[in-house]
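Everything below concerns the one structure shown next.
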Number of protein chains: 4
Amino acid sequence: MNQVRIGVVGAGWMAKAHSTAFRNVPMLFGNEPAVPVLETIADIDPARAKAAAETLGFNRWTEDWRQLVADPAVDVVDIVTPNDAHAEIAIAAAKAGKHIYCEKPLALTAGEALRMTEAAEAAGVTTLVGFNYLKNPAQALAKEMIEAGELGDITQFRGTFDQDFMTDPTVPFSWRHDRSVAGSGALGDMASHTISLALELVGEMAEVCGLLATFVKQRSVATGGSGHTAKASADAAMRAVENDDLTQFLCRFNSGALGTIASSRIGTGRKLWVGYEIQGTKGALYFTQERMNELQFYRQGEPARERGYKTILTGPEHRWYAGFHPIAGIGLGYNDQKIIEARDLLVAVATGQKATPDFRFGYRVDRIVDAVLKSVDEHRWVTVDEIG
Amino acid sequence: MNQVRIGVVGAGWMAKAHSTAFRNVPMLFGNEPAVPVLETIADIDPARAKAAAETLGFNRWTEDWRQLVADPAVDVVDIVTPNDAHAEIAIAAAKAGKHIYCEKPLALTAGEALRMTEAAEAAGVTTLVGFNYLKNPAQALAKEMIEAGELGDITQFRGTFDQDFMTDPTVPFSWRHDRSVAGSGALGDMASHTISLALELVGEMAEVCGLLATFVKQRSVATGGSGHTAKASADAAMRAVENDDLTQFLCRFNSGALGTIASSRIGTGRKLWVGYEIQGTKGALYFTQERMNELQFYRQGEPARERGYKTILTGPEHRWYAGFHPIAGIGLGYNDQKIIEARDLLVAVATGQKATPDFRFGYRVDRIVDAVLKSVDEHRWVTVDEIG
Amino acid sequence: MNQVRIGVVGAGWMAKAHSTAFRNVPMLFGNEPAVPVLETIADIDPARAKAAAETLGFNRWTEDWRQLVADPAVDVVDIVTPNDAHAEIAIAAAKAGKHIYCEKPLALTAGEALRMTEAAEAAGVTTLVGFNYLKNPAQALAKEMIEAGELGDITQFRGTFDQDFMTDPTVPFSWRHDRSVAGSGALGDMASHTISLALELVGEMAEVCGLLATFVKQRSVATGGSGHTAKASADAAMRAVENDDLTQFLCRFNSGALGTIASSRIGTGRKLWVGYEIQGTKGALYFTQERMNELQFYRQGEPARERGYKTILTGPEHRWYAGFHPIAGIGLGYNDQKIIEARDLLVAVATGQKATPDFRFGYRVDRIVDAVLKSVDEHRWVTVDEIG
Amino acid sequence: MNQVRIGVVGAGWMAKAHSTAFRNVPMLFGNEPAVPVLETIADIDPARAKAAAETLGFNRWTEDWRQLVADPAVDVVDIVTPNDAHAEIAIAAAKAGKHIYCEKPLALTAGEALRMTEAAEAAGVTTLVGFNYLKNPAQALAKEMIEAGELGDITQFRGTFDQDFMTDPTVPFSWRHDRSVAGSGALGDMASHTISLALELVGEMAEVCGLLATFVKQRSVATGGSGHTAKASADAAMRAVENDDLTQFLCRFNSGALGTIASSRIGTGRKLWVGYEIQGTKGALYFTQERMNELQFYRQGEPARERGYKTILTGPEHRWYAGFHPIAGIGLGYNDQKIIEARDLLVAVATGQKATPDFRFGYRVDRIVDAVLKSVDEHRWVTVDEIG
């Protein structure tokens, strides 16, 4: 039985998600072409590393990610640290000849992302960036339909990513509000997912023009809990929010299609409103992650008397789904996307093929993010080529 | 019984819609404060004028709109001609002291619209522009909620107007594709409605930046039928489409809210996709005209365990509705919006009050349209103040 | 210009709906094959008759329906009285050789309905019963699809009619709660519409078995207002509700399909939930009147990878719609159904053809109602043939 | 670390689902109060038992379920065999003092189910029946709302379970069509889930009256594959289908509420249409498993101007959800329900408490199934008390 040995860097919420995903892969998809082994996990906080190793079932743990990267028993370095640490770890891993699985956004800047990409390409290692919303059978179907020409020429893309967990102004300041750690806010953290869908389904963008806004200008400093469960006491100090609550931008795709992307972390009323409407000369698609098992499709060529948007529930006819269930409409969940992602990485590593979305794709996303930021700063249209 | 005597200029599809609306008003709302009289109808084609007068029940007809405007038996001049004739007729009507009901867009340019507005204001006459989607009980509720602060500070507006009747490239060239008659395409003809909703619900815009695109570059010249039922023979000549199939633009509202508006007349899959999502710090609204009797509302302040978007069916608690039905959920149709519009005009004229949306509002819409056009031409952000 | 002269019996809410509908017909559909003339209106309350005549535009009025029935200037007797008066008036009208338009339910019992039907058939007059939900382009499409075999053999029908305006126990007692005037409650007043859809779309029923329930056992006697706007003072007397708030019944269709129908006037959360799901061996349909411009259709024969329920918005390809609008998706309202109904009656009378649904259809509906009542009384399955 | 050792009987599709669920529990919920150990798996086919043990990670396997039941290293006997084997294994397990986790339906008859229940109760062991649709945070919320009186008195329940994977008449004969193995079809296999929701949310039923129908009367005998992926060659022999494709029945609840339940395995257009509408005097709920992360709720007491059905996305405020995600709207999938079920069993066993739904609940469901069968056979209403 072929094994792929995983070393995870970072022991927070995403470490749990990745580790759980890996362990589910053979149970759902079987032992071929390889089974994952949770070899080791690193965190600068040794207590956290140890606890994660025990709960999640790693063979070993360390407080030194460099040790993990150097470890000959590790085949894949899986990076789930805060965003600002991705580049250093990934470049080291590439130099050590490790395959790399990295959470999104790939880096804080396109420049950083490019260096990571070039390092990995030079080393010839397999890479995968965690744009997990692409790992939905519904998106595989969307892509297949578009590639088959069933939408004709795409005319417009309207994408979104709204969540409203920060609408409440008493939600405390966290690393997500800290520009030096997180980069931009709604743009880099959330809209990057929507950009990944746009690039995957509609193709490259030529130029962008955008706006950012921060409505909750200060938040209290947390005095307990962490991440989504952090709480602040009533007399907690306030800290200025450093990045955007909300972004909206226009884009022109290379193909001539027009696009808008809007994303808000104070997106009142929406919980996981990652989605799009894509219109073409022969058909259209509508999707929202809140109903992740449904793809809506309209075919222009049907008889006028019965044309209408059709709600397709994903099923075994669509990529990946048959690993989970033998008949359509048995809903997948968010975690199942991570299982698919882990499975794709394992297959790529075991068979020596490229995974998607790879680092170069992650770099393309970061270029768009940087172009939007520049367009905001300079209040003008920015071509993607202006970004290195 | 107080009477308001109507003179309609133009005898096409919209003349039928307006006339039918007027005749329904007393049947639904009673005879107070006034009943409409269909006094006379004008069209340059005398046969069309005569036929319309007979079918629609006008007392008289004429081929000369100037005669109608001068007619002492006419209280309201109702303009349903192609867009390029609005200004001349309206200014003449204002000078003759007539109240004016004019279809949208008010004019081909903001400058023209301003002259019309100033003429009407100088004459002290009542004006109303046919942005009929505002005449929906659902929009009255939306406005009431926003004014009462139930959405808090608005953070983003996302508006649309898609129709797909021109996705079919064999639909012939019509006046809607002729820039000198129609002005812009998806922008002026369709997105102007979405702009009317944005201005009414979110307020004035500070600046805009947009894109236009024409995907169907030529259409055949119609050889039979007219309007939506025109047909071209197989060997019909082709003519270049002169305006936009599709527009998308960003806007920044004076309040600080961000907005996107996207509209397409080749909006595959959508039939009357006039709508919006409006998010605020305390609540959110979602609406689409395809489900015109529903307003979706989310209230942030509800207990987290039961928060969710609520589908409100319009009913007698909402403005205008009780004229139609005594209980909620008995659907209104598109034509009912026109009845409400005609009713609002009648009440305003009979009671000597302002109607809404008036010419100044129509001018405000046309300014946004012109600002978007300028932003497209110059590929940059344009402040609304740059437009006269 | 051919005329059809209408005499309306009853001057309440439905009189307004019918009269308005008639007046809209020529405005929307033109003057062929006939135009309606609102000739006279009768009500036992002369003030009400006079007021209605003035507001609605009748030439004359009377307090004696027998005079109206005898009037040689009346071609059609239009019956919009409370249900218990339908039979006497209709039979008199048939004997007088008048065409008859009667609101539903046709009668209080199947026996009464049969006598009306036989009287009309003997007289050879045109009849139409106001099951207005059948007059929706969406239902015309549904029927066309079923007749064309696009659903294959129908396996099950699930129908509903819920409204919640009586969930509030302070809504006063009205004629609708009085068995001698209204007959049964949710069953006869509301479910009869659902039965009309079932018979029209699935065909005749063989047997039924049902339940009734009354949850609000007493209501206060109204001390002001009337109909849906009646109010009771705090110290109003109470009166026992005499018929059902709620019914549910099973049926077996002659074809072998199974069916359930459920209807409630305390149908909390639903405003006009008249609808169905119809499943067949080749396709399925779903409809609710709350979204009356949409028919949902599923076609089993499509490729599995893209099968899904499709939302068809009604348009000019569907029966009747083109009288209203030239393109799809411009919503019709409830009143537009009544216009279509009035139009169908006019055409039938003017051309000497049968209208649908006619009295015999109304009798078929009443037979099902009576069979359900008998099944409730005797707590057993009742074949429809047991009802005379 | 406390351990609960699992012995699974049966090595098919459900064995995989249960085993995977157990292994996910500690990863998601942590190691307290106990961790599951996959101790042994039994199947009469030794190759299947061995393969399952290896893929799913059991310590041991056996071809003799009696050995497994007698094994002192097994704490929980988990029964995922075909339905006809449940009773014998469960009774043996109870006698051996093992806790029991059994797939639904509990037994082929209510009598059998009662013997299982009495055996388990006599032995004082913990039992759980796999009605996994109850293990959805949405159902926990529904139950909480009903128990808190937020729906008032329930007036009607309308439940469904449609799937259309057998609409295709070329799907081969399987054990599901064999009465001696599966019992009834749509009724026992599918509607039993809907009955579980009805009993849990509305309470006990007093009497039922139903219908069954089989539309696909013969199916070909499979010549390859198994379960949902079985295929028949073109010349395969045909075998008569022995149970129902479709059932519909009425019920009267002890509380006075009325109910209908309809279920079809040829439910064209529906993939996993397990759901309900529940109306009460103060509120209403709507749910379908195809959108398993949404519960729709209507509250009668809200101001009339903003009343409407609300779509609540499940989140950490709802039972079980926080084990998966820290914020609302991150969708769970079908498999996550099984994880919750396994978790509930583990907690009950580890803490010595009752699990729900237990065998007595499973017996209550089977009583309703038997009452419906009797009502079909005798074509009459049957009280639940008539069933032993």
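Residues that are within 20 Å of the chain's Cα centre (by Cα) and among the small types (Gly, Ala, Ser) were ranked within segment D:260-272; the one that is farthest from the other protein chains (Cβ to nearest Cβ) is D:Ser263. Residues that are out of contact with any strand residue (DSSP E or B) (no Cβ under 8 Å at 6 or more places or on another chain), surrounded by fewer than 17 Cβ atoms within 10 Å (Cβ to Cβ) and among the small types (Gly, Ala, Ser) within segment A:48-99 comprise A:Ala51, A:Ala70, A:Gly97, listed in sequence order. Taking D:Ala138, is it touching a Leu at 6+ places or on another chain (Cβ under 6 Å), surrounded by 20 or more Cβ atoms within 10 Å (Cβ to Cβ) and within 28 Å of D:Leu346 (Cβ to Cβ)? In short, yes.
Which residues, taken from segment C:342-388, are within 14 Å of another protein chain (Cβ to nearest Cβ), in contact with a strand residue (DSSP E or B) (Cβ under 8 Å, 6 or more places away or on another chain) and not in a helix (DSSP H, G or I)? Selection gives C:Arg380, C:Trp381, C:Val382, C:Thr383. Criterion first (more than 7 Å from every other protein chain (Cβ to nearest Cβ), assigned to a strand (DSSP E or B), of a type outside the set (Asp, Glu) and in contact with a strand residue (DSSP E or B) (Cβ under 9 Å, 6 or more places away or on another chain)) does A:Ser255 satisfy it? Spelling it out, it is not the case that A:Ser255 is more than 7 Å from every other protein chain (Cβ to nearest Cβ), assigned to a strand (DSSP E or B), of a type outside the set (Asp, Glu) and in contact with a strand residue (DSSP E or B) (Cβ under 9 Å, 6 or more places away or on another chain).
Of the listed requirements (1) modelled with pLDDT of 95 or more; (2) closer than 19 Å to B:Asp189 by Cα, B:Pro82 misses just one: (1).
Kindly state which helices (runs of 4 or more DSSP H) lie completely within segment A:129-240 and contain at least 2 residues that are within 14 Å of chain D (Cβ to nearest Cβ) and in contact (Cβ under 8 Å) with a residue 60 or more places away in the chain. Spell out the reasoning first.
Working: elements: A:137-147, A:179-182, A:192-201.
Hits in segment A:129-240: A:137-147.
Residue count for segment A:375-388 under the criterion of being more than 21 Å from the chain's Cα centre (by Cα) and under 9 Å from A:Val208 (Cβ atoms): the result is 4.
One residue stands out among those in segment C:146-165 that are surrounded by fewer than 22 Cβ atoms within 10 Å (Cβ to Cβ) and of a type outside the set (D, E, K, R): the one that is nearest to C:Ala107 (Cα to Cα), which is C:Phe165. Only a single item in (1) surrounded by fewer than 19 Cβ atoms within 10 Å (Cβ to Cβ); (2) touching a residue at least 24 places away in the same chain (Cβ under 8 Å) is not met by B:Phe249, and it is number (1). Of all residue pairs spaced 6 or more apart or on separate chains, those with beta-carbon atoms under 8 Å, a first member in segment B:354-382 that is in contact (Cβ under 8 Å) with a residue 24 or more places away in the chain and a second member that is aromatic (Phe, Trp, Tyr) and not in a helix (DSSP H, G or I) are B:Pro357/B:Phe131; B:Phe361/B:Phe131; B:Gly362/B:Phe131; B:Val365/B:Phe131; B:Val372/B:Phe249; B:Ser375/B:Phe249; B:Ser375/B:Trp381; B:Arg380/A:Trp381. Within the option set D:Ala17, D:Ala21, being buried (at least 21 other Cβ atoms within 10 Å of the Cβ), at pLDDT below 95 and under 24 Å from the mean Cα position of the chain (by Cα) holds for one residue only, D:Ala17.
Out of the residues in segment A:296-332 that are small (Gly, Ala, Ser) and over 22 Å from the mean Cα position of the chain (by Cα), which is surrounded by the most Cβ atoms within 10 Å (Cβ to Cβ)?
A:Ala328
For beta carbons closer than 7 Å, sequence separation of 6+ or different chains, a first residue in segment A:307-333 that is part of a strand (DSSP E or B) and a second that is among the polar types (S, T, N, Q), the qualifying pairs are A:Tyr309/A:Gln296; A:Tyr309/C:Thr311; A:Lys310/A:Gln296; A:Thr311/A:Gln296; A:Leu313/A:Asn293. Taking the options B:Ile195, B:Ile154, name whichever one is closer than 25 Å to A:Ile266 by Cα, more than 23 Å from the chain's Cα centre (by Cα) and of a type in the set (Val, Ile, Thr). Residue meeting the stated conditions: B:Ile154. Within segment A:339-353, the presence of a residue that is buried (at least 24 other Cβ atoms within 10 Å of the Cβ), at pLDDT 95 or above, among the polar types (S, T, N, Q) and not assigned by TED's automatic domain parsing to the domain that holds A:Lys143 is excluded. Within segment D:178-188, the set of residues being farther than 14 Å from D:Ile368 by Cβ and surrounded by fewer than 24 Cβ atoms within 10 Å (Cβ to Cβ) comprises D:Asp178, D:Arg179, D:Ser180, D:Val181, D:Ala182. Can D:Asn293 be described as within 14 Å of chain A (Cβ to nearest Cβ), of a type in the set (S, T, N, Q) and surrounded by 19 or more Cβ atoms within 10 Å (Cβ to Cβ)? Taking the combined requirement at face value, the residue satisfies it. Among the residues of segment B:299-341, those that are within 28 Å of B:Phe22 (Cβ to Cβ) and more than 13 Å from chain C (Cβ to nearest Cβ) comprise B:Arg319, B:Glu341. Residues that are outside any helix (DSSP H, G or I) and within 13 Å of chain C (Cβ to nearest Cβ) were ranked within segment B:1-15; the one that is nearest to B:Tyr101 (Cα to Cα) is B:Gly12. Of the helices (runs of 4 or more DSSP H) entirely within segment C:16-125, those holding at least 3 residues that are in contact (Cβ under 8 Å) with a residue 40 or more places away in the chain and within 14 Å of chain B (Cβ to nearest Cβ) occupy C:46-56.
The values are calculated or read from the model by the stated rules, or taken from the named source; none is laboratory data. For clarity, every value in this text was computed on a predicted model and none was experimentally measured. Cβ coordinates were reconstructed from backbone atoms using ideal geometry, including for glycine residues, and neighbour counts include every protein chain displayed.
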